[in-house]
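A short write-up of the structure that comes next.
Values in this text are rule-based calculations from the coordinates and carry no lab data. Every value quoted in this text rests on a predicted model; they were computed, and no experiment measured them. Cβ placement follows ideal geometry from the backbone for every residue including glycine, while neighbour counts extend to all protein chains displayed.
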Amino acid sequence: MTMKLIVDSGSTKTDWCVVDGGEAVFRTAGHGINPFQQTDAEIENIVNNEFASGYGYAGKIAEIKFYGAGCRDRMVPRLERLLRKVFVNAVRVEVCSDILGAARALFGDREGIACILGTGANSCLYDGRLITANVPPLGYILGDEGSGAVLGRMFINALFKGGLPAAMRDEFLKETGLTLADIINKVYREPLANRFLASMSVFIHNHLKNKDLRSLVVDNFRSFFRRNVSLYGRRDLPVGAVGSIAFYYKSELLEAAEAEGYTVGKVIKSPMEGLVKVER
């Protein structure tokens, strides 16, 4: 039994990959896992229902590498315990932050500034082996500049406060079937408001021909560079980015980076392929 399970989890989506003999033999995806936002029971349900109980690999896994959002401090042993409860034959279980996974996938053994730009946002200074500095992202209420959640928040604000055309507001409400009251309720009363706000990205991406909307996307990225990346004081290093927001808005990301004096190299939607190479 030599199979290894590599997991990359953000707040919205989790990628599962079984590696045997250094090669990926099975991949699937499911709901996001974030121990700061979910109970033990909710996490166990996701692990069981979306991987462990359905594909016949759970009992064959000898080692687990889990890279996840919210995996720091006391959340690390908690998640390790939950994983061992499901994968009873695993000899080694290692839980790491998603930003370390991103850095390893982007740079391998090279130095650089690694970024996550998905539902949430994060960044770090990476020396080719370890994270040497990490500006706290602070989450979508206090920070997370550059993220899908903050982009959604900026979009809703502009939509209802005159920053975008009234015709776009009307089109958005008709297309989504939402009302302003629905939006307020989902943000302030329902769980996982960050996912809801990030879901605005579908509409935003489809309407990037609007100059004001595109400027809003660029401004979100510029704020990310100013309030996060600039604090490392290393404009000499390449910047790499992982995540759906970085991937689908690559043109706007590159424009923002150039405006702030940075060079962006690799931009990938998911770190999984890079993580499989690292684990060989």
Working from Cα positions, state the angle (0 to 90°, nearest 10) between the long axis of helix 75-86 and the longest principal axis of the chain. 50 degrees
Determine, for Ile183, Ile61, the number of other Cβ atoms within 10 Å of each Cβ, and report the residues in order from fewest to most. Ile183, Ile61
If you take the C-alpha gyration tensor of the stretch 1-93, multiply each eigenvalue by 5 and take the square root, what semi-axes do you get, largest first, in whole Å? 20, 14, 12
Between Ser199 and Lys161, what's the calculated FRET efficiency when r is the beta-carbon distance and R0 is 35 Å? Round to 0.05. 0.95
Just how many % of Cα pairs in the stretch 55-152 lie over 17 Å apart, if you round to the nearest whole percent? 58 percent
Report ³J(HN,Hα) in whole Hz for each residue of the stretch 22-32, in order, from the Karplus equation J = 6.51 cos²θ - 1.76 cosθ + 1.60 where θ = phi - 60°; Gly and Pro get x. x, 10, 6, 10, 7, 9, 8, 9, x, 5, x
Which value, in debye to the nearest 20, gives the size of the charge dipole of the chain about its Cα centre, when Lys and Arg are +1 and Asp and Glu are -1 at the Cβ? 140 debye
With +1 on the Cβ of every Lys and Arg and -1 on the Cβ of every Asp and Glu, and nothing else charged, how large is the dipole of the stretch 43-201 about its Cα centre, in debye rounded to the nearest 20? 380 debye
Cα pair distances exceeding 17 angstrom across the stretch 190-234, given as percent: 51 percent
If all Cα-Cα distances of the chain are sorted into 10 Å bins from 0 onward, what percent lands in each bin, rounded to whole numbers? 7, 29, 32, 22, 9, 1, 0
Scattering from the C-alpha atoms of the stretch 129-168 alone, worked out with Debye: what is log10 I(q)/I(0) at q = 0.33 1/Å? -1.01
Give me the log10 of I(q) over I(0) for the stretch 132-195 at q = 0.18, 0.20, 0.24, 0.29 Å⁻¹, as the Debye formula computes it from C-alpha points; what are the numbers? -0.73, -0.87, -1.12, -1.31
Fully extended, how many nm does the chain gain between Glu273 and Thr2 (0.36 nm per residue separation, minus their Cα-Cα distance)? 95.6 nm
Ordered by fewest other Cβ atoms within 10 Å, a rough proxy for footprinting exposure, Lys186, Lys174 read Lys174, Lys186
Restricting attention to the alpha-carbon atoms of the stretch 73-121, what are Rg (one decimal) and Dmax (integer), both in Å? 13.8, 37
How do the peptides 33-41, 234-242, 217-225 rank, highest first, by the average count of neighbouring beta carbon atoms within 10 Å per residue? 217-225, 234-242, 33-41
Arranged by the count of other C-beta atoms within 10 angstrom, fewest first, what order do Arg226, Arg92 take? Arg92, Arg226
Can you check what the Kirkwood hydrodynamic radius comes to for the stretch 183-280, Cα pairs only, in Å to one decimal? 15.2 Å
